[in-house]
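> Here it is, the structure in full.
The values are calculated or read from the model by the stated rules, or taken from the named source; none is laboratory data. Everything numeric in this text was worked out from a predicted model, so none of it was measured. Glycine gets a Cβ as well: all are built from the backbone with ideal geometry, and neighbour counts include every protein chain shown. These accessible areas exclude ligands, DNA and RNA; they are computed on the full protein's heavy atoms, side chains included. Shrake-Rupley method; radii C 1.70, N 1.55, O 1.52, S 1.80 Å.
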Amino acid sequence: MGDSPARDPGAGHRRLGEALLDLRAAAGASIGMLYLPAPAQGMLHLALTIGVAREFAVPWSRVGLRDPIPVADAVRERRLVWLGGQEETASRYPRLGLVVPYRFSLAAAPLDTDPGAGEAAGAGLVMLWPGSHGPELAERERQALAAGCARLAGILRRSAEEGHPVRAAAHPVILAPRPPPTPGPVEAAAAMAFIRRLPGGSCALDLNGKITFITQEAADLLGSPVRRLVGALPWEALPWMDTPAIEEHYRAAVMSRLPRSFSAVHPAGHRVRFDLHPDDSGISVRITAGGSPAEGAPGGGALGPDVAVEPPPAAAPARPAASADAAARPSAAPDPEQGAAPAPSRAIALYQLMHLAASLTEAAHAQDVVDKAADQLVPALGAQAMALLVEEERRLRIIGHRGYTDELMTRYDGLPVTARSATTEVIRTRTPLFFESPAALLAAYPGADIEDGMGAWGFVPLITSNRPVGCLVLAYSRPRPFAAGEKAVLTSIAGLIAQALERARLYDSAYQLARSLQTGLLPHDLPHVPRLEVAARYLPAGHGLDIGGDFYDLIHIDGTTAAAAIGDVQGHNVGAAALMGQVRTAVHASAGAPPAEVLARTNRLLTDLEPGLFTSCLYAHIDLGRHRARLATAGHPPPVLRRADGTAEVVALPPGLLLGIDPDAGYTAAEIPFEPGSLLAFYTDGLVESPALDIEETIAGVAVHLARAAGDRPLEAVADDLLRHARGRVPATDDIALLLLRSRLPGD
């Protein structure tokens, strides 16, 4: 069957699934994950995955394009990201290395669905190889990856052209592996006889951890009947195995595809040894009595660490066993397990807590906290909606929400904390409240608003510095119980969110103050100069509370002359911003004098102030009557001149020392023609600096881009286009100031 587009809307999803299965096989990978752009710009949604359990995939189901995650870098920068092992992963992507601390190699690649559409159209692919893979991507694997990406991108393009663009569902679709050939009766009987002859017991787990097959000998060693074990997770069916350490061994085997060995203490007092042998279809487990390595096996070597696991302090009641999976599913079929999530096991809860904690360390703003919490909690806990509320001046304020309508949230925004509601009571008493059904909520709060269509709720206080600051609300689509362990997990999660939210709100206040200071020192409006078209931009890099010293200015001198200046004060702090204001004032005071004299006077002023900071500056005197411009530089990047005939060049100016170093420094001006239709571009180094490129090369690229893209377009559009060009080439590492001037004929 080819990949030509079908007429039904679901054909694209099926063909993507087949292509992902084929790619995993061709590349020899163990896990594949396909990300599609989310409706909200700047986000990726995990659409399809193969070779990994749902619990692993869900916390990574939403990825921001600015997140420090391999697939985000691959899509945003349109390049292949390769991680050759565990150490490289931990070094380059600490969150990934912390949350998934296993041995594997990883490749993330962009899908070229629409090269001209920018970041918003990006789709991405992630492939993982077993821990036994070497540190380099083999040429055969690289070719398979390139061919697979081209095929996936082609399916996406054709589906869109047919009017059925493929979108990610609310939850990632877990593809089942293609089943192996079904053995004949004789072969099956021989296989069972072989298994029974082995000492100890045997069982098989699927990649979700469920037992798909178990011998009577293994069931006897575990102390539970076969019928109770088949279809269950071991740590759910056997309370003595409900420890994070045991589940961690399974998790490590699935992610690394490497054999692993451990022993656990049975309630009867003896040890039971487990040897795990994973592949792409599941895990084969040998179960033997005793804690020493099985006879003939290299203890702890080839099988991984031989770890003894003690039982939990008190065995919890056994959970009901899940129903058995079907023996085989069609290839590229979604896993039916992707519905509402059950109460998490202790290991899953720890995994979710660690993932959330690592994500929240990257949250700078309050909205970041909301987004990252919602991205983790809503899918991982099976919730339908989430809201974060805080107390401000004795009233509730909505910080953010996910899954709720804006209209519903508006009813709560501004509610007095003295009002009787579950949310306000949680804040007043610092005690979480859980309601398993609408009837339970209405019994406690008859006036509660249940028009959201939900069936169960959790209200958990946000406590920081030993005081309640708000409430986390989680809502579920159906009635459900809340186990004691789940309540404890949600309380811990709320504590993490509260601490991150307090930091973020303090940061937001300081950030707004810093940005207000910086933008207050820049000109609010540039003066109107006849026969001169002007456009200016200031784009902060957005790194923390750093305040840049970039500035620009335009000064109207008389009917036919004007002065333009642009500069960059060394450093990113309040001192740099303050010095920037002083430089602007000094330039204004000298405007109209020859450019070399303006720079010399400003330089003497700065050296007298002894600020300990240096400043680059470019000053130009524009004579629109004579169609000339005189320019002088103090260590600033050169301007670019685009002539009326469409040619462009970088203007070479006599070098000048940075301002603030030598009070006796002299400066030399140069004169250039500035005919009607000509365009001068002044900029700071944030527009052209890149760690991977030579600055002269990037400046020349600006000239080429202006020659091609400026034309007679309005300067406002040219300025925006130039910023997009710069940001598409290099990541934002510094502030950008940009000033464009174009000479016009009288009456234009």
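> Answer yes if at least one residue in the stretch 437-453 is within 22 Å of A373 (Cβ to Cβ), modelled with pLDDT of 85 or more and buried (at least 18 other Cβ atoms within 10 Å of the Cβ), and no otherwise.
No, because not a single residue in the stretch 437-453 is within 22 Å of A373 (Cβ to Cβ), modelled with pLDDT of 85 or more and buried (at least 18 other Cβ atoms within 10 Å of the Cβ).
> Looking at (1) β-branched (V, I, T); (2) free of Cβ contacts under 8 Å to residues at least 24 places away in the same chain; (3) under 21 Å from T491 (Cα atoms), find the lone condition where T424 falls short.
All conditions pass for T424, except number (2).
> Give me the residue from the stretch 455-470 that is crowded, with 22+ Cβ neighbours inside 10 Å and at pLDDT below 90 and, out of that set, nearest to A500 (Cα to Cα).
That would be L462.
> Find all pairs meeting these conditions: Cβ atoms under 9 angstrom apart; at least six residues apart or on different chains; first residue within the stretch 669-693 and part of a helix (DSSP H, G or I); second residue open to solvent by 10 Å² or more (accessible area, probe 1.4 Å) and charged (D, E, K, R).
Note: pairs meeting the criteria are D685/D568; D685/D734; G686/D568; G686/D734; L687/D734.
> If R24 meets every condition in (1) within 16 Å of A109 (Cα to Cα); (2) open to solvent by 30 Å² or more (accessible area, probe 1.4 Å); (3) of a type in the set (K, R) apart from one, which number is that one?
Against the list (1) within 16 Å of A109 (Cα to Cα); (2) open to solvent by 30 Å² or more (accessible area, probe 1.4 Å); (3) of a type in the set (K, R), R24 comes up short only on (2).
> Let me confirm something: among L145, L106, L125, which residue is in contact with a Cys (Cβ under 9 Å, 6 or more places away or on another chain), within 20 Å of V75 (Cβ to Cβ), outside any loop (DSSP other than H, G, I, E, B) and modelled with pLDDT of 90 or more?
L125
> With a cut-off of at least 2 residues that are within 25 Å of L532 (Cβ to Cβ) and open to solvent by less than 40 Å² (accessible area, probe 1.4 Å), name the strands (runs of 3 or more DSSP E) lying wholly within the stretch 593-663.
615-623, 628-634, 640-642
> Within the stretch 326-336, identify whether any single residue is closer than 21 Å to P481 by Cα, crowded, with 19+ Cβ neighbours inside 10 Å and modelled with pLDDT under 80, and answer yes or no.
There is no residue in the stretch 326-336 that is closer than 21 Å to P481 by Cα, crowded, with 19+ Cβ neighbours inside 10 Å and modelled with pLDDT under 80.
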